[in-house]
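Let me begin by handing over the structure; questions about it come next.
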């Protein structure tokens, strides 16, 4: 049986390296701090639109921020 793929991310590390708080990043991408927390803890997978906005705000490629 094939193991289910789980989306992982480097959001917290990347956010910190840019000097952004969770609240500031949430403000930049138009979401809430709670959503950023849930993504960082891998409780919630962002929509494609939110993932793209995070990449733009953090000036990184999708594959550098999200991986399996």
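What whole-number value in cubic angstrom gives the convex hull volume per residue for the C-alpha atoms of the chain?
Working: hull volume 5.5 nm³, N = 68.
Per-residue hull volume (Cα only) is 80 Å³.
So, one more: With axes computed from alpha carbons, what is the tilt in degrees of helix 48-57 against the longest principal axis of the chain, rounded to the nearest 10 within 0 to 90?
That helix lies at roughly 40 degrees to the long axis.
Right, something else. List the relative contact order of the chain as a percent without decimals, with contacts defined as Cα pairs under 8 Å and 6+ residues apart.
On the way: 59 pairs, mean separation 30.2, N = 68.
In percent, rounded to a whole number, it is 44.
In deg cm²/dmol and to the nearest 500, what is the mean residue ellipticity at 222 nm of the chain if only DSSP H runs of at least 4 residues count, each as -39500 (n - 2.57), divided by the residue total? If you can, show how the numbers build up before the last one.
Details: 5 runs with 37 residues, N = 68.
So the calculated ellipticity at 222 nm is -14000 deg cm²/dmol.
Read the figures in this text as sums done on the coordinates, not as results from a lab. Treat the numbers as computed from the prediction; the structure is a model and nothing was measured.
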